[in-house]
Each structure stands twice: as structure tokens, then as C-alpha cells.
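These notes concern the structure reproduced below.
Computed from the coordinates by the stated procedures, all read-outs in this text should not be read as laboratory data. For clarity, every value in this text was computed on a predicted model and none was experimentally measured. All Cβ positions, glycine included, derive from the backbone under ideal geometry; neighbour counts span all protein chains shown.
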Amino acid sequence: MNIQNKAIADSREQWNKLADHWERQSKNLRSKYTKRNYWIYELIERNKIGSCKTLDLGCANGFLSSILAQRGFDTYGMDVSNQLIRLAVQRMSQYFDDAEKRFSLYENDNLPFAGSSFRLVTMIGVFPYIKNQKEYVHTAYQIIEDGGYMIASSANRFSIYIILQIVKRIFMFRPTKLWRDTLLNLARTGIESGGNIDYHSSEQVHNSSQFDRLFKEIGFRKVDEIDLFHISFLDKNPLNRSKYGKYFSRQLGWNHVGVYQK
């Protein structure tokens, strides 16, 4: 099994285990992930990206797709987890009779819906799991209409959120394997590697500036962005930060979300 296929298999196992937890998170309006999905819709609205054919790469349980479908978007999705796809199909069946055909399992290096093109592609929380990010963005570029958009998020390798999580775990010491593995994973993915794939064998970017340059190299123009700390009192109004607020959130936030136009 090659590195990328092993990463896919590992991600599938991880997210299958977390599928029910992720579904519960979607029902919690105070969850940082739920808030992020609504902020992404506000980004779409602010940039006047009207209802269109949309593909959500890494759609999870279809929550972002459902927000868009409620507003007239023609939504499709893909995820590595068959359990999350099952939940996405259940959720999206209230909007589309053919939901099972619209939400597909990612099983290899090829994107689904071959021959289709989309006005908008979203990739939220996906990049830390991709071995060759430039190649992946280039593949996604091919299925976006001229003048279309990609909205994607990256995880900064060093952020206030990760530091606080590591400190919290240290002070909540438990002599268990789960405690140790969680702490090591936070340090590895949040500081050392910046992702969920071994950085020695991957081609990944690890901060907001590198992420923006990657999209520029492929042929995109950045038109908007938000940076999220994923800390409630720091993310009260992330779409309308002050000049200094934008600077510090870009440098020390956990997630950078960019809107890029082809």
C-alpha cells in the first residue's frame, strides 16, 4: 500500500469512528465547526456567489451542503468516510431525490463526478490529510468553470488554539494511553508537521501565506479570506475584524479560509 492510499485508509478508519460525534457536533450551534460553516456561507454571500452547481470536497455529514441547498445551490459532495457519506445522503435526501448519486465516497486519487464542472468547489478541513497539496488543488482546478470559485481552509502549524489545547492536556494529566496519544497527536499535527501526514514524505504548506501562494501558482486569484482562532471570544465577528485583528488572526489563528477565483 503506497503512502497516499495508507493515508486514505487511516483517515477513513478515523472518521468512521467519529461519524456519530460529528453528527452531534452539527446539531450544536455553539460548536466551532458549525459556526465555521455559517461563516463560510457568509463569505459566499459577501462575494455575491449566487446559487450554482457546487461540489463540497470533504463534505463530512453534508452539513455545509445542506446550508447551501436550503438557499438554492445545486450541491454535490465527496468524503473519505463511508459512514459520513451515509449521514450526508440521509441529510440531503430532503433536498434531492437522487442524493445517493450526489454524495460519493473518495476511494483513490481521482475526484468523483468525472466530466462534470462546478461553479463553486469547497474544501474545508481537508488539506491536513492530503499528501501532495499542489497536485490536489491542480486536479480540483480542472473541474471549476472559468470565473468559478474555490473556498478552502488550511491549518496553521503554530496557533494559539493548539498551544492552549496542549497546555490543557498537560494540566489534565491522566496515566492512560489515550491521554498520551492525544497529547502527542496535538503536538505532531499542530506544531511539528502541521498536518496528519508525515511531513518528511509529503508536499504540504503550513501557514496562511504559503497557502495563498499555492493557489496563485495554480492559477487562482484570492478575492477574500477569514482567519479563525476557533476560540469563542476571539471569533465574535471574524468577517469584520480590525486591521490589527486581521493581522494577528492570520498569524496566530488555527484556520485560514480563502476565497479564490479561477
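Distance check, please: which entries in Lys53/Lys222; Lys32/Lys168; Lys35/Lys222; Lys131/Lys243; Lys27/Lys177 exceed 24 angstrom between their Cα atoms?
Distance filter (> 24 Å) returns Lys131/Lys243; Lys27/Lys177.
Give me the extension gain from Leu18 to Asp97: residue separation times 0.36 nm, minus the current Cα-Cα distance, reported in nm with one decimal.
So the chain would gain 25.8 nm between Leu18 and Asp97.
Note the direction-averaged projected area, equal to a quarter of the hull surface, for the Cα convex hull of the chain, in nm².
Directional mean of the projected Cα hull area for the chain stands at 13.9 nm².
Taking 0.36 nm per residue of separation and subtracting the Cα-Cα distance, what length does fully extending Phe171 through Phe113 add? Show your work: numbers first, answer last.
On the way: separation 58, 0.36 × 58 = 20.88 nm, distance 4.73 nm.
Extra length from Phe171 to Phe113 when fully extended: 16.1 nm.
Taking the highest mean first, how do the peptides 43-49, 126-132 order by number of other beta carbon atoms within 10 angstrom per residue? It would help to have the intermediate numbers written out before the result.
Details: 43-49: 15.7, 126-132: 21.4.
Top of the packing list down: 126-132, 43-49.
Starting from the Cα of Lys216, draw a straight line to each of the lysines and keep only those under 18 Å, dropping any in the same chain fewer than 8 residues away.
Lys134, Lys262
At a Cα cut-off below 17 Å, give the aspartates and glutamates reachable from Lys236, other chains included and same-chain residues fewer than 8 away excluded.
Glu42, Glu225, Asp227
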